[in-house]
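Structure, as structure tokens:
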Amino acid sequence: MEAANFSLSIEAQLGLLKIDVQGDSMNTLKAEFGPQLDVILAELEGQSQLRALVIYSGKPDSFIAGADISMLDACATEQAAQALSQAGHQVFARLAGLPFPVIAAIHGPCLGGGLELALACDYRVCSTAEKTNLGLPEVQLGLLPGGGGTQRLPKLIGLQRALEMMLTGKQLRPKQALKSGLVDEIVPQSILLEAAKKYVGKPKRKPKAKLSLLSRLLEGNPLGRQLLFSQVSKQTLNKTRGNYPAPPQIIACVRSSVEQSAERAYQQEAERFASLVMSPESAALRRLFFAVNALKKDQLFAGVSPHPVERVAVLGGGLMGAGIAFVSATKAKAQVRIKDVSEKGVAGALNYAYRLLDKKRRRRFISHAQLQKQMSALSGTTDFSGMSNAQMVVEAVFEDLPLKQQMVADIEQHCQPKTIFASNTSSLPIAQIAVNAARPAQVIGLHYFSPVEKMPLVEIIPHQGTSEQTIVDTLQFARQQGKTAIVVKDVAGFYVNRILAPYINEAARLLLEGQAVEHIDKTMLDYGFPVGPMSLLDEVGIDVGSKIAPILEAEFGARFKAPEAFAKLIEDKRLGKKNGRGFYLYSKHKKSKAKPVDHAVYKLLGVTPQPAIEASQVSERCVYMMLNEAARCLDEGVIRSARDGDLGAIFGIGFPPFLGGPFRAMDQIGITRLVDQLRAMEANYGERFRPCESLLKMAEQELRYYP
């Protein structure tokens with residue numbers, strides 16, 4: 001029997017239900033699934049001779065990768081969103097209520113609604129394949145699992161594990177899923193269906209979590225649960241700062257799973273899911289999801305196809321070079337040769353990769369054999385041996401123009417004529433790096449953010465003479481590394497550092513006016529940034545920031561001038577976290593997270609502490625400088641679109657995702673209102689707040705960045 005995306009066959013009292021969404025490379029739950037499954041379930045409910053049903057995917061590498069998010073955008077009201085959730089409840093309840101056991105045979109991503117379908121089954125068997133992962137990541141879209149996930153998952157793996165999975169969006173690898181009780185068995189993909197069929201004859205069962213004694217004591221009584229939910233709520237609020245409504249709603253739904261009747265608990269899930277679907281935070285996060293997917297599909301030049309990059313060289317074994325080498329080997333699956341001036345530098349880069357992989361091994365993400373295989377893709381040298389066949393060379397040496405120019409000459413001498421030279425500079429113009437190149441068409445900027453293995457963004461910076469093929473190949477390489485890549489213009493600061501600098505400078509001015517370091521940082525954390533501006537300076541290195549500021553001031557004028565008093569920090573050898581003292585003091589003990597403000601900074605800078613001003617004044621002064629500069633960047637063609645500008649700010653510097661990025665934020669504020677506020681700030685604080693020409697024109701014509 002077939003129903004569009006589903007195919008049911010019966011052999012020897014065993015039902016086999018194949019899911020294969022037509023026209024898509026991966027299975028996703030769609031709105032039309034409900035009626036189609038109703039037809040299938042009606043057929044199954046009439047099959048009294050069946051002893052079991054196995055559900056599996058017809059896709060080679062995907063079980064069900066979640067729901068089709070566009071369904072949610074089609075919901076015009078909370079009632080429509082609630083009906084969507086309730087329809088899922090009804091279908092999964094019918095599946096769970098079949099009179100014979102149902103087994104999910106899982107290979108590939110089993111996420112969101114896909115896992116909720118699997119949770120409605122009696123047994124779950126998954127493949128050991130690297131592509132198999134299970135999770136409920138709805139929180140990353142500002143949502144909660146709306147297909148019964150908040151009710152079924154806690155009963156299967158316990159309250160604590162379920163809350164961790166749903167509040168973080170954490171995805172479990174097969175071994176982790178088995179250990180947690182999420183799946184009953186893990187087997188090689190080649191025998192997945194056969195293993196699932198062995199559950200024929202087993203009884204239907206109610207989920208029962210396998211808990212430790214301590215967990216049973218905590219979760220098994222009202223007092224323990226009260227303590228658990230109280231602690232989780234406090235920890236969640238500390239992380240989200242109240243900016244994201246989904247986490248507290250998830251906690252409330254999970255709590256209802258143990259404190260209320262099933263009928264009422266499922267009703268609450270549907271109601272809370274619907275309210276989140278209509279929230280501005282979820283709308284922003286869903287738009288971000290679509291923007292990332294659209295960016296991945298961008299084709300910059302018609303008729304120019306990328307060449308796969310399989311052999312890479314990295315110049316420099318420091319923190320950035322080591323990170324670039326790591327993602328090139330483990331994500332891009334390339335053979336990587338690391339060159340450093342010393343054996344110590346090479347060993348440090350290789351050890352960096354080993355520590356990261358060993359951490360994954362200890363957490364059961366990879367096996368020891370996989371660790372060894374990935375390490376075998378990395379090698380090192382102190383000369384140019386073993387680099388002649390490199391297709392891509394990524395330079396990550398010091399920010400010194402003559403040195404980088406020499407690196408270009410060395411690579412042109414020792415590598416192939418077609419080798420691409422990509423500079424990981426954060427501030428130097430690519431055209432100047434390429435000025436003496438014999439093959440300038442193959443020189444390009446590839447700006448990563450630290451730490452490379454964690455930060456998702458790269459800026460690709462072609463100079464005027466960079467060829468289309470070089471740009472396309474570099475973009476493809478960045479995507480192979482799993483990066484979100486935006487193409488930006490070759491100007492000082494590129495895009496991300498250019499919009500970050502005015503934000504940091506304004507925070508510095510607030511400090512010099514007498515505002516406390518912790519007040520500034522806490523305000524921006526509350527606003528939604530992952531780290532405060534003073535902490536960020538310490539993390540990046542105060543000396544590094546001091547080198548970028550003059551370059552930007554020389555290019556763009558006085559609005560980029562950093563406070564002169566900050567030179568005293570360098571004179572006092574306050575470089576930030578790397579030498580233990582900046583605006584904060586850092587313990588030499590790695591396990592210590594204590595980070596007190598060093599109050600000696602105020603005296604050093606000649607600051608007289610003043611009463612704290614309103615948080616909104618702090619955040620608006622810092623953020624509006626960034627917004628104004630972002631508008632300039634788009635107007636000048638530094639970025640290709642508002643979409644790229646939003647993605648760059650979110651993934652490069654942690655601009656609050658729930659606001660959608662600088663351009664979404666400007667639309668939300670209203671361009672006319674933003675211009676009025678900037679003019680008021682200009683009158684109060686100086687010319688640096690003068691609204692740029694593009695904002696003035698947009699306000700006059702009542703325009704927006706997005707429709």
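The values are calculated or read from the model by the stated rules, or taken from the named source; none is laboratory data. Being a predicted model, the structure only gives us computed values, none of them experimental. FYI the Cβ positions are ideal-geometry reconstructions off the backbone, even for glycines, and counts take in every protein chain you see. Remember, those area values only see protein heavy atoms, side chains included, never the ligands or the DNA or RNA. Shrake-Rupley method; radii C 1.70, N 1.55, O 1.52, S 1.80 Å.
For region 4-29, filtered to residues that are closer than 13 Å to LYS59 by Cβ and among the hydroxyl-bearing types (Ser, Thr, Tyr), the residue that is surrounded by the most Cβ atoms within 10 Å (Cβ to Cβ) is THR28.
Might you check whether a residue that is in contact with a Lys or Arg (Cβ under 7 Å, 6 or more places away or on another chain), closer than 25 Å to TYR352 by Cβ, part of a helix (DSSP H, G or I) and among the charged types (D, E, K, R) occurs anywhere in region 473-480? Scanning region 473-480, I find at least one residue that is in contact with a Lys or Arg (Cβ under 7 Å, 6 or more places away or on another chain), closer than 25 Å to TYR352 by Cβ, part of a helix (DSSP H, G or I) and among the charged types (D, E, K, R), so the answer is yes.
The condition (being part of a loop (DSSP other than H, G, I, E, B) and either over 30 Å from ILE471 (Cβ atoms) or aliphatic (A, V, I, L, M) (or both)) is satisfied by just one residue among ALA347, ALA332: ALA332. Here THR470 passes the criteria (1) assigned to a loop (DSSP other than H, G, I, E, B); (2) on the phi < 0 side of the Ramachandran plot; (3) in contact with a strand residue (DSSP E or B) (Cβ under 7 Å, 6 or more places away or on another chain) except the one numbered (1). Every listed requirement among (1) over 19 Å from the mean Cα position of the chain (by Cα); (2) buried (at least 24 other Cβ atoms within 10 Å of the Cβ); (3) not acidic (Asp, Glu) is met by GLY112 save one, (1).
Taking the conditions exactly as written (open to solvent by 10 Å² or more (accessible area, probe 1.4 Å), within 30 Å of GLY541 (Cα to Cα) and in contact with a strand residue (DSSP E or B) (Cβ under 8 Å, 6 or more places away or on another chain)), does SER379 satisfy them or not?
Values: open to solvent by 10 Å² or more (accessible area, probe 1.4 Å): yes; within 30 Å of GLY541 (Cα to Cα): yes; in contact with a strand residue (DSSP E or B) (Cβ under 8 Å, 6 or more places away or on another chain): yes.
For SER379, the condition - open to solvent by 10 Å² or more (accessible area, probe 1.4 Å), within 30 Å of GLY541 (Cα to Cα) and in contact with a strand residue (DSSP E or B) (Cβ under 8 Å, 6 or more places away or on another chain) - is met.
Across region 161-174, a minimum of one residue is classified as at pLDDT 95 or above and acidic (Asp, Glu). Here ILE186 clears all of (1) surrounded by 19 or more Cβ atoms within 10 Å (Cβ to Cβ); (2) aliphatic (A, V, I, L, M); (3) in contact with a Leu (Cβ under 8 Å, 6 or more places away or on another chain); (4) in a helix (DSSP H, G or I) except the condition numbered (4). Taking the conditions (1) over 23 Å from GLY654 (Cα atoms); (2) surrounded by fewer than 17 Cβ atoms within 10 Å (Cβ to Cβ); (3) at pLDDT 95 or above in turn, PHE398 satisfies each one other than (3). Scanning region 58-84 for residues that are in contact with a Lys or Arg (Cβ under 7 Å, 6 or more places away or on another chain), surrounded by 15 or more Cβ atoms within 10 Å (Cβ to Cβ) and outside any helix (DSSP H, G or I) yields ASP61, ASP68, ILE69. Are any of the residues in region 156-166 open to solvent by less than 20 Å² (accessible area, probe 1.4 Å), within 23 Å of SER70 (Cα to Cα) and either among the hydroxyl-bearing types (Ser, Thr, Tyr) or in contact with an Asp or Glu (Cβ under 9 Å, 6 or more places away or on another chain) (or both)? Scanning region 156-166, I find at least one residue that is open to solvent by less than 20 Å² (accessible area, probe 1.4 Å), within 23 Å of SER70 (Cα to Cα) and either among the hydroxyl-bearing types (Ser, Thr, Tyr) or in contact with an Asp or Glu (Cβ under 9 Å, 6 or more places away or on another chain) (or both), so the answer is yes.
Out of LEU211, LEU276, LEU182, LEU178, report the one residue that is within 27 Å of LEU95 (Cβ to Cβ) and over 30 Å from the mean Cα position of the chain (by Cα). Working first, answer last.
Details: LEU276 fails: over 30 Å from the mean Cα position of the chain (by Cα); LEU182 fails: over 30 Å from the mean Cα position of the chain (by Cα); LEU178 fails: over 30 Å from the mean Cα position of the chain (by Cα).
Every option except LEU211 fails the conditions.
Under the condition of being open to solvent by less than 30 Å² (accessible area, probe 1.4 Å) and among the acidic types (Asp, Glu), the residues counted in region 325-361 number 2. Here GLY323 meets each of (1) under 25 Å from THR132 (Cα atoms); (2) of a type outside the set (S, T, N, Q); (3) assigned to a helix (DSSP H, G or I) with one exception, condition (1).
At pLDDT 95 or above and either under 23 Å from ALA284 (Cβ atoms) or open to solvent by 10 Å² or more (accessible area, probe 1.4 Å) (or both), is that true of TYR448?
Details: at pLDDT 95 or above: yes; either under 23 Å from ALA284 (Cβ atoms) or open to solvent by 10 Å² or more (accessible area, probe 1.4 Å) (or both): no.
For TYR448, the condition - at pLDDT 95 or above and either under 23 Å from ALA284 (Cβ atoms) or open to solvent by 10 Å² or more (accessible area, probe 1.4 Å) (or both) - is not met.
When GLN47 is tested against (1) open to solvent by 50 Å² or more (accessible area, probe 1.4 Å); (2) part of a loop (DSSP other than H, G, I, E, B); (3) farther than 30 Å from PRO280 by Cα, exactly one condition is not met: (1).
Residues in region 133-183 that are in a helix (DSSP H, G or I) and small (Gly, Ala, Ser): GLY149, ALA162, ALA177, SER180.
Scanning region 119-155 for residues that are surrounded by fewer than 21 Cβ atoms within 10 Å (Cβ to Cβ) and either touching a helix residue (DSSP H, G or I) at 6+ places or on another chain (Cβ under 6 Å) or of a type in the set (Ser, Thr, Tyr) (or both) yields THR128, ALA129.
Of ARG241, ARG255, all but one fail to be in contact with a Gly (Cβ under 9 Å, 6 or more places away or on another chain), at pLDDT 95 or above and of a type in the set (Lys, Arg); the exception is ARG241. Between LEU357, LEU446, LEU403, LEU428, the distinction of being of a type in the set (A, V, I, L, M, F, W, C) and more than 29 Å from the chain's Cα centre (by Cα) belongs to LEU403 only. In region 10-21, the residues that are assigned to a loop (DSSP other than H, G, I, E, B) form Cβ pairs under 7 Å with partners that are open to solvent by 70 Å² or more (accessible area, probe 1.4 Å), at six or more places apart or across chains, as follows: GLN13/GLN49; GLN13/ARG51.
Give the residues of region 32-44 that are open to solvent by 60 Å² or more (accessible area, probe 1.4 Å) and either under 28 Å from THR128 (Cβ atoms) or among the hydrophobic types (A, V, I, L, M, F, W, C) (or both), sorted by residue number. Hit for region 32-44 is VAL39, nothing else. Please determine whether any residue of region 573-585 is under 25 Å from LEU401 (Cβ atoms), of a type in the set (A, V, I, L, M) and either open to solvent by 20 Å² or more (accessible area, probe 1.4 Å) or touching a residue at least 40 places away in the same chain (Cβ under 8 Å) (or both). Yes, because at least one residue in region 573-585 is under 25 Å from LEU401 (Cβ atoms), of a type in the set (A, V, I, L, M) and either open to solvent by 20 Å² or more (accessible area, probe 1.4 Å) or touching a residue at least 40 places away in the same chain (Cβ under 8 Å) (or both).
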